[in-house]
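The values are calculated or read from the model by the stated rules, or taken from the named source; none is laboratory data. These numbers were taken from a predicted model, which means no experiment stands behind them. Here the Cβ positions follow ideal geometry from the backbone for every residue, glycine too, while neighbour counts run over all protein chains shown. Quick note on the areas: whole protein, heavy atoms, side chains included, nothing else; ligands and nucleic acids left out. Shrake-Rupley method; radii C 1.70, N 1.55, O 1.52, S 1.80 Å.
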Amino acid sequence: MQVTYLVKRLNPERERSPRFEQFSLEVGEYDSVLDGLIKVREELDGSLALRCSCRAAICGSCAMRVNGEPRLMCKTRVRDVAEDGQVKVEPIGNLPVLKDLVVDMGPFWEKVRAVKPWLEPPPEKPEREYLAPNEAMREVVGALACVMCGACVSNCTVWEVDPNFLGPAALAKAHRFVADPRNSDNAERLKQLGEYTGIWDCTHCFYCVQACPKDVAPMERILALRREAIAHGYTNHNGVRHSDSFAQSVKQSGSLNEGRLAVESQGYLNLPALLGLLPVGLRALRAGKMPSPFHHKRPGAAHVKRIFEKVEGPRS
Amino acid sequence: MKYAWYPGCVSQGGCPELYTSMAKVCSVLGIELEELKGAACTGAGVLTERNPELADTLNARTFAMAEQVGAPLLTNCSTCQGVMSQANAKLQADAKYRARVNGHLAAEGLEYKGTAVVKHLLWALVEDYGLDNFKAKVVRPLAGLKAAPFYGCYILRPTKALGIDETPARRRYLELLIAACGAEPVDYDGKFKCCGFPILTMNEKNSVNMVGTHTLDAKGHGAHCMVTPCPLCHLNLDGYQIKAAGMKGQQINIPILHLPQLLGLALGLSAKELRLNHHIISTQAVTALAKA
Ligand code: SF4
Ligand code: SF4
Ligand code: FES
């Protein structure tokens with residue numbers, strides 16, 4: 001199959017901004033995008049910089065973006081992604097480019113280190129090995145599959161605007177230890193993870209879930225950490241108030257009351273934040289689109305309330 | 001052509017202009033809507049995060065109502081679409097889980113049989129109505145208007161539940177509809193990204209930064225307006241744009257249209273009928289072009 005590779009190139013020693021270079025080559029029906037890149041390097045341009053090793057989706061070194069989507073290049077077939085015979089390859093995003101398709105993974109590792117990626121067993125030692133029930137380990141196994149490739153970080157919409165965000169891979173790693181029944185310092189970990197840069201900063205954009213080649217589903221782990229943090233009593237957070245207010249509104253009326261949600265998420269006692277809502281609220285009022293404070297019940301609201309009570313129990 | 005219409009909370013709350021323009025556009029196109037008045041909120045992902053079974057039950061209830069109407073569900077919100085698509089995929093794939101969820105619905109005399117089809121107006125127009133049929137109804141081609149598509153996360157990812165793995169073109173429908181209106185779609189980095197709405201109360205700085213980044217990106221590529229199938233994206237991109245301009249230290253002023261508003265203009269509806277005067281950022285730049 002004849003294809004055109006559009007490869008994003010940058011040699012920081014010689015140029016300031018990246019450029020796309022075009023290569024025409026013949027690839028086999030089952031060739032991966034990585035096979036093609038290696039062919040380019042070996043036959044067309046020996047100066048092309050890229051990282052790879054295992055060629056079997058194990059080492060995690062070949063994450064790049066193909067036609068905009070972050071993937072492992074050795075696990076992606078050319079024929080599955082080529083659009084009109086064209087394959088656009090770029091380095092993964094949100095990390096500094098060292099050369100061509102090679103990025104500096106430094107910030108990535110820094111964040112993984114920041115979540116304390118090791119087990120903290122209880123001080124009293126068991127007589128033999130630590131025992132963990134099968135059921136509990138099931139949660140952990142998914143995240144253990146992570147090959148630290150950085151694909152999930154590439155298009156993370158929060159990392160893009162705030163490089164301090166711990167990000168999907170590190171937070172998935174954090175969950176791996178919090179969910180491990182042999183770990184003993186969950187309260188401390190969850191407290192730290194609940195702060196700025198942590199679990200409540202994720203926008204729920206699904207990019208990491210979509211990108212991960214190992215089905216780690218980092219966003220789902222982040223949501224699990226939020227539930228865990230609430231279960232540990234860390235409830236003094238806008239994220240928790242937001243979720244509570246949302247649930248109450250739907251439970252009582254069948255639908256969402258955005259006006260109430262905005263106020264209750266800040267907390268009724270948080271005067272500065274409530275005043276901060278005012279300009280936006282006033283602009284909405286002037287445009288005639290302020291949600292009415294008299295929130296009407298939908299028909300069937302009683303039905304919805306019964307479902308809440310049945311599934312959630314009386315708690316919510 | 002008939003649909004069981006699920007307008008969603010936001011078009012009945014913070015974005016009344018969406019409800020009106022959606023109803024008007026469907027009427028001009030001859031699409032019959034039977035509104036599901038008693039349907040509950042999808043949970044917008046927030047309830048799924050708290051308690052997946054609860055959210056799936058509320059959505060199964062809506063699906064059961066649509067089965068009673070005997071028509072596919074029609075949404076006008078990317079977030080509703082995404083949450084429902086994911087719930088439906090789960091309920092359809094797992095009969096045992098569906099039976100369990102139906103157990104919660106039984107007391108209300110409802111049962112979800114697993115046959116619901118959920119389509120956003122965006123998909124319904126391209127896949128059911130047909131672009132050519134739509135073009136035939138265009139009386140005011142929006143020539144000269146450059147519109148930047150902004151999809152919203154929930155209608156893009158995860159691709160499996162949204163049927164995008166089988167129909168990858170769903171990631172291009174906004175561009176197709178913009179072109180069908182006679183306008184020019186603008187390509188830019190931000191179209192598949194997040195508007196920042198979900199973290200507005202948790203981290204306003206990052207949320208507003210996203211608004212500024214994407215609106216400036218669209219504007220920098222020559223767009224006169226942005227068009228979104230998601231009212232939550234609209235709320236953030238429109239409502240927080242002035243704050244974002246302050247943060248970025250730059251004028252932005254780019255109108256954010258709901259998808260039916262853009263369609264309505266091309267179909268000859270007036271700015272007033274589409275309630276284009278109910279935006280925070282003035283839509284005059286668009287309505288003036290549409291008049292010319
Ligand atoms: S879901 Fe959260 S962590 Fe994952 S890419 Fe989006 S913002 Fe980042
Ligand atoms: S979570 Fe997935 S995408 Fe992210 S580093 Fe691990 S394997 Fe790669
Ligand atoms: S080369 Fe090792 S994962 Fe691709």
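Considering only A:Ala284, B:Asn209, A:Leu34, the residue lying farthest towards the positive end of the dipole of the protein assembly as shown is A:Ala284, judged by Cα position with unit charges set on Cβ. Projecting the Cα positions of B:Leu121, B:Ala245, B:Val138 onto the charge dipole of chain B (unit charges on Cβ atoms of Lys, Arg, Asp and Glu, taken about the Cα centre) puts B:Ala245 furthest along the positive direction. By the rule of a C-alpha distance below 17 Å, with chain neighbours fewer than 8 residues away ignored, the aspartates and glutamates paired with B:Lys191 are A:Glu69, A:Glu160, B:Glu175, B:Asp217, B:Asp238. Near A:Phe20, once Lys and Arg are set to +1 and Asp and Glu to -1 for all other residues with Cβ below 12 Å from its Cβ, the sum equals +1. Taking a straight line from the alpha carbon of A:Lys39, these lysines sit under 17 Å away, with near neighbours fewer than eight places off in the same chain left out: A:Lys8, A:Lys75, A:Lys88. The packing ranking, built from the mean of other Cβ atoms within 10 Å per residue, places the peptides B:234-241, B:280-287 in the order B:234-241, B:280-287, highest first. Distance between the modelled labels on B:Lys113 and B:Asn277, one decimal in nanometres: 4.8 nm (7 Å Cα→Cβ projection). Residues whose amide H lies under 5 Å from that of A:Ser61, counting only those 5 or more places away or on a different chain, are A:Ser53, A:Cys54; hydrogens are built 1.01 Å from N in the peptide plane. The three principal axes of the C-alpha atoms in the stretch B:140-290 carry coordinate ranges of 42, 40, 26 Å, sorted with the longest axis first. Note: relative contact order over chain B, using C-alpha pairs below 8 Å and six or more positions apart, is 20 percent. Note on B:Tyr97 and A:Leu119: their simple-model spin labels are 3.0 nm apart, each label 7 Å out from Cα toward Cβ. Where only DSSP H runs of four or more residues are counted, the protein assembly as shown gives -12500 deg cm²/dmol as its mean residue ellipticity at 222 nm, each run worth -39500 (n - 2.57). Accessible area per residue was computed with a 1.4 Å probe on protein heavy atoms; A:Tyr130 scores about 80 Å².
Taking the inverse of the average 1/r across all pairs of different Cα atoms in the protein assembly as shown, what Kirkwood radius in Å do you get?
That comes to 25.5 Å for the protein assembly as shown.
In terms of its alpha-carbon gyration tensor, the stretch B:57-111 comes out oblate; a/c meets the 1.5 threshold, while b/c is at least as large as a/b. Relative to its Kirkwood radius, the Cα radius of gyration of the stretch A:2-103 gives an Rg/Rh of 0.93. Looking at chain B, the accessible area is 34 square angstrom per residue; that uses a 1.4 Å probe and ignores ligands, DNA and RNA. Applying a 4.7 Å Cβ-Cβ cutoff to the protein assembly as shown, the cysteines left without a disulfide-compatible partner are A:Cys74, A:Cys146, A:Cys149, A:Cys156, A:Cys202, A:Cys212, B:Cys9, B:Cys15, B:Cys26, B:Cys41, B:Cys181, B:Cys225.
Measuring nothing but how far apart in sequence close Cα pairs (under 8 Å, 6+ apart) lie, relative to its length, the stretch B:2-120 scores a relative contact order of 31 percent. Residues of the stretch B:182-220 falling in the label zone of B:Leu131, defined by backbone nitrogen less than 12 Å from a point 7 Å along Cα to beta-carbon, are B:182, B:185. In a reduced charge model with +1 at each Lys and Arg Cβ and -1 at each Asp and Glu Cβ, the stretch B:152-258 shows a dipole moment near 220 debye about its Cα centre. A simple rule links phi to the HN-Hα coupling: the Karplus curve 6.51 cos²θ - 1.76 cosθ + 1.60 with θ = phi - 60°, which for the stretch A:202-212 gives 5, 8, 6, 8, 6, 4, 5, 5, 5, 7, 5 Hz, with x for Gly and Pro.
Overall, the stretch B:24-84 carries a charge dipole of about 160 debye about its Cα centre when +1 sits on the Cβ of Lys and Arg and -1 on the Cβ of Asp and Glu, all other atoms neutral.
Each chain gives up part of its surface: B and A jointly bury about 5100 Å² of accessible area, both sides summed, for a 1.4 Å probe. Contact with the other protein chains removes 10 Å² or more of accessible area, compared with the isolated chain and a 1.4 Å probe, from these residues of the stretch B:141-159: B:Cys153, B:Tyr154, B:Arg157, B:Pro158, B:Thr159. Annotation: amide H-H contacts under 5 Å for B:Lys119 (H modelled 1.01 Å from N, sequence separation of 5 or more, or interchain): B:Leu73, B:Leu74, B:Thr75.
Just how far, in whole angstrom, is the stretch B:233-258 from the stretch A:89-161 if you go by their alpha carbon centroids? If we compute the Cα centre of each part, the gap is 35 Å. Using the Cβ of B:Ile254 as centre and a radius below 11 Å, the other residues enclosed give a net charge of 0, where K and R count +1 and D and E count -1. Under conditions of 10 °C and 1.306 mPa s, the stretch B:88-167 yields 98 µm² s⁻¹ as its translational diffusion coefficient, taking Rh as the Kirkwood radius over Cα pairs in the Stokes-Einstein equation. Converting phi to 3J(HN,Hα) with the Karplus coefficients 6.51, -1.76 and 1.60 and the offset θ = phi - 60°, the stretch B:50-60 yields 6, 7, x, 5, 4, 5, 4, 5, 4, 6, 4 Hz in sequence order, with x at every glycine or proline.
Rounded to 0.05, the FRET efficiency of the A:Phe20 and A:Ala145 pair, given R0 = 35 Å and the Cβ-Cβ distance, is 0.55.
Here B:Glu111 sits with roughly 100 square angstrom of accessible surface, probe radius 1.4 Å. Roughly what percent of Cα-Cα pairs across the stretch A:85-130 reach past 14 Å? Distances greater than 14 Å cover 68 percent of the Cα pairs. This model, with +1 at the C-beta of Lys and Arg and -1 at the C-beta of Asp and Glu, gives chain B a dipole about its Cα centre of some 380 debye. Both radii are taken from the alpha-carbon atoms of chain B; with Rh as the Kirkwood radius, Rg/Rh is 0.97.
Residue by residue along A:238-249, Cβ atoms of other protein chains within 10 Å of the local Cβ number 4 on average. Once the Cα atoms are used to define both axes, helix B:16-29 deviates from the longest principal axis of chain B by about 80 degrees.
Using alpha-carbon pairs under 8 Å, 6+ residues apart, how would you state the relative contact order of the stretch A:2-103 in percent? Let's see the in-between values first.
Details: 188 pairs, mean separation 34.4, N = 102.
The value is 34 percent.
Ordering A:Phe177, A:Met148, A:Asn164 by the projection of their Cα atoms onto the charge dipole of the stretch A:106-231, which places +1 on the Cβ of Lys and Arg and -1 on the Cβ of Asp and Glu, puts A:Met148 at the extreme positive end. Bridgeable aspartates and glutamates around B:Lys24 (alpha carbons under 19 Å apart, same-chain partners fewer than 8 residues away excluded): B:Glu32, B:Glu34, B:Glu35, B:Asp128, B:Glu273. Give me Rg over Rh for chain A, both radii from the alpha carbons and Rh done the Kirkwood way, two decimal places. Using only Cα positions, Rg/Rh for chain A is 1.06.
Taken residue by residue and averaged, Cβ atoms of other chains lying within 10 Å of the Cβ of A:253-262 number 5. For the protein assembly as shown, the share of accessible area belonging to carbon and sulfur comes to 52 percent (1.4 Å probe, ligands and nucleic acids excluded). Taking chain B as the reference, fit the longest principal axis to its C-alpha atoms, fit the long axis of helix B:95-105 to the helix C-alpha atoms, and give the angle between the two in degrees, 0 to 90, nearest 10. Compared with the principal axis, the helix lies near 90 degrees. Find out how many positive minus negative residues lie around B:His224, taking Lys and Arg as positive, Asp and Glu as negative, among other residues whose Cβ is under 12 Å from that of B:His224. Taking every Cβ under 12 Å from that of B:His224, the sum is +1.
Stokes-Einstein diffusion coefficient for the stretch A:152-233 at 4 °C in a medium of 1.567 mPa s, Rh from the Kirkwood formula over Cα pairs: what value in µm²/s?
Translational diffusion coefficient: 102 µm²/s.
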